[in-house]
Amino acid sequence: MKPELALGLDNAGWPALLVDGAGIICGANPASLKAFGLSLEPQPPGLSTIWSPENSRTAEQFLAHWPQSPAPHVAVRFRGKEGASTAYLVSVSCITREGQRYFVLQALPEAPTAPKDPGGDAGAAHKQKLDCALQLARTVALDFNNALTSILGHTSLILSKMEPTHPWRASLIQVEKSAAKAAEIASDLGTFSRQEKETRGQAAGNLNLLLQRSVEFFQQNAAHESVAWTLQLDRKLFAAKFDEAKLQQAFMKILENAMQALRDRGHITVQTRNIELAQPTQDRNVHLAAGAYVCVEISDNGCGIEPDVLPRVFEPFFTTKRGGNHRGLGLAWVYGIVTNHGGGVAISSQPGVGTSVRVYLPAENRIVRDQSLAPGDLTGNQTVLIVDDEDLLLTMGQTILSAYGYRVLTANGGQKALDILAQKEPAVDLVITDLVMPAMSGRELIDHIRQTAPGIRIICTSGYVWPVGQENHDTYLQKPFTSQELLLRVKEALRADSGAPQA
């Protein structure tokens, strides 16, 4: 399939076609090839070749008048590979690639008009319609994530190079915050589109690094210059397993609440420490079994919480904030994320004195590798190959890594990446590949690299797919990501290659 067809519909059980403005079928999923007997070689056919003459309009008229039809699905008859005419309910969506407009046609077999048992054919048809909607949601989430990755990458790169007093810095920070908020929406949309929720394999990580990035996000905001920060991070912290993206969202929400509680010249303290419990212990509402934990405590000297309100802070839709723009989901969301990690959240507060939030996460009684890096440490001179079917992301990755000294090669597909690697010169030290690509997926590319060049380091990226059976020498980078997150992943992967101990 062409790059424009990387829409997550290859495995759909119903026909899906990509048609250009002239009515030429540029791509088709396997279900289309089977149902209509299509062949895109040597010349792609026109939509008219499978368009039944029983339709009231020609294929060209149908595309020319879209989207005037108010119906979400339109009844269309296609000719099958045996020549028979079959009725379908067709949904049409429009996309633009490099300034050219394309139509994505998804065809569901039309349900019989006669009454049917809900568990029979009609029920199956309804399930197909739901599957179609979920696939469309997944398509939107994938494209949205790619666009956000480019926005976040370029914005964070500019911020990292910009003087703190630059007059445009505050506006760029707002762009970054808006993109981060949009990323949450894309994540929710991607989660909705998965009928079978996947369980991500959580790897042991460094909470100190995660907290440093979260604090820096607020420190960069000129509106918060009056806030004093104290970071007391245990450099011999236990290793805890966590979903980095989700846990960072939880810490960001706690820090945001602390900022909003502050008065003039407030103070926030962020502390990490190890805890080893020989017997069960309780902290407020949190029951901790015997074992090892990492405790993250975020304290402020703000307005505090009234005693009669404190027991309700984890309730969904309950908020102490004034105004109509607060949904009261912040701490309920934090609670859900932390408890899903097997941990707990405890809050203590005194009105007029301040609030302390303690997050407990189960840990392994071993020290995690300190991955803290100064900005100068993010530079490198190795050769990195970036593989993605989205040109925007190739440009962004090349811009960021080149700015920090890396030599960058790009490939818009798996086969082109293999051709570059086969040349041997320049020698590639690291491959960054998207997992979802047409023709050759990221997983297939990784398998080829492991067979032909097992010494090359690999970073997987995706906005939707989590690499199944992830091994220690693979690194995963969730889309969308900032320039700092990309640089850190690259540095960690290449540092691991030099023989540094692993977490």
task = Kindly provide the set of residues from region 231-242 that are in contact (Cβ under 8 Å) with a residue 40 or more places away in the chain, out of contact with any Lys or Arg (no Cβ under 6 Å at 6 or more places or on another chain) and open to solvent by less than 40 Å² (accessible area, probe 1.4 Å), ordered by number.
result = 237, 238, 240, 242
ask   = Do the conditions hold for residue 50, that is, is it under 34 Å from the mean Cα position of the chain (by Cα), modelled with pLDDT of 85 or more and among the β-branched types (Val, Ile, Thr)?
value = no
request  = Sort through 386, 347, 420 and tell me the only one that's touching a Leu at 6+ places or on another chain (Cβ under 8 Å) and either at positive phi or touching a residue at least 60 places away in the same chain (Cβ under 8 Å) (or both).
outcome  = 347
task = Considering (1) farther than 25 Å from residue 427 by Cβ; (2) touching a helix residue (DSSP H, G or I) at 6+ places or on another chain (Cβ under 6 Å); (3) at pLDDT 80 or above, say which one residue 464 fails and leave the rest.
result = (3)
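With the structure loaded, tell me whether residue 455 is assigned to a loop (DSSP other than H, G, I, E, B), open to solvent by 30 Å² or more (accessible area, probe 1.4 Å), small (Gly, Ala, Ser) and at pLDDT 85 or above or whether it fails that test. Break it down stepwise before answering.
On the way: assigned to a loop (DSSP other than H, G, I, E, B): yes; open to solvent by 30 Å² or more (accessible area, probe 1.4 Å): yes; small (Gly, Ala, Ser): yes; at pLDDT 85 or above: yes.
Answer is yes for this residue.
Just to be sure before I move on: is residue 204 open to solvent by less than 70 Å² (accessible area, probe 1.4 Å), within 16 Å of residue 478 (Cβ to Cβ) and modelled with pLDDT under 75 in the structure I sent?
On the way: open to solvent by less than 70 Å² (accessible area, probe 1.4 Å): yes; within 16 Å of residue 478 (Cβ to Cβ): no; modelled with pLDDT under 75: yes.
Judged against the criteria, residue 204 is not a match.
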request  = Within region 397-428, count every residue that is under 18 Å from residue 493 (Cα atoms) and open to solvent by 50 Å² or more (accessible area, probe 1.4 Å).
outcome  = 4
task = Any residue in region 267-294 that's at pLDDT below 90: show its pairings with residues that are part of a strand (DSSP E or B) at Cβ separation under 6 Å, as long as the two are six or more apart or on different chains.
result = 284/346; 286/344; 286/346
ask   = Could you list, in sequence order, the residues of region 429-441 that are without any contact (Cβ under 8 Å) to a residue 40 or more places away in the chain and either open to solvent by less than 20 Å² (accessible area, probe 1.4 Å) or of a type in the set (Val, Ile, Thr) (or both)?
value = 435
message = Can you list residue pairs whose Cβ atoms sit under 6 Å apart, with the first residue in region 25-45 being under 16 Å from residue 109 (Cβ atoms) and the second being in a helix (DSSP H, G or I)? Count only pairs 6 or more apart in sequence or on different chains.
response = 36/50
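Of all the strands (runs of 3 or more DSSP E) wholly in region 309-412, which have at least 1 residues that are of a type in the set (Lys, Arg) and modelled with pLDDT under 85?
Numbers: elements: 344-350, 354-367, 383-387, 407-411.
Passing ranges, in order: 354-367.
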query = So which residues in region 235-288 are part of a helix (DSSP H, G or I), farther than 21 Å from residue 341 by Cβ and not small (Gly, Ala, Ser), if there are any at all?
reply = 259, 260
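For residue 59, state whether it is touching a strand residue (DSSP E or B) at 6+ places or on another chain (Cβ under 7 Å), farther than 24 Å from residue 441 by Cα, modelled with pLDDT of 85 or more and open to solvent by less than 30 Å² (accessible area, probe 1.4 Å).
So residue 59 fits the description; yes.
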message = As an exercise: evaluate residue 219 against (1) at pLDDT below 80; (2) open to solvent by less than 40 Å² (accessible area, probe 1.4 Å) and give the number of the one condition it does not meet.
response = (2)
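The values are calculated or read from the model by the stated rules, or taken from the named source; none is laboratory data. If you're wondering where the values come from, they're calculated on a predicted model, not measured in any experiment. Note that we place each Cβ from the backbone using ideal geometry, even for glycine, and neighbour counts take in every protein chain shown. Accessible surface is based on the protein model in full, side chains and every heavy atom, while ligands, DNA and RNA are left aside. Shrake-Rupley method; radii C 1.70, N 1.55, O 1.52, S 1.80 Å.
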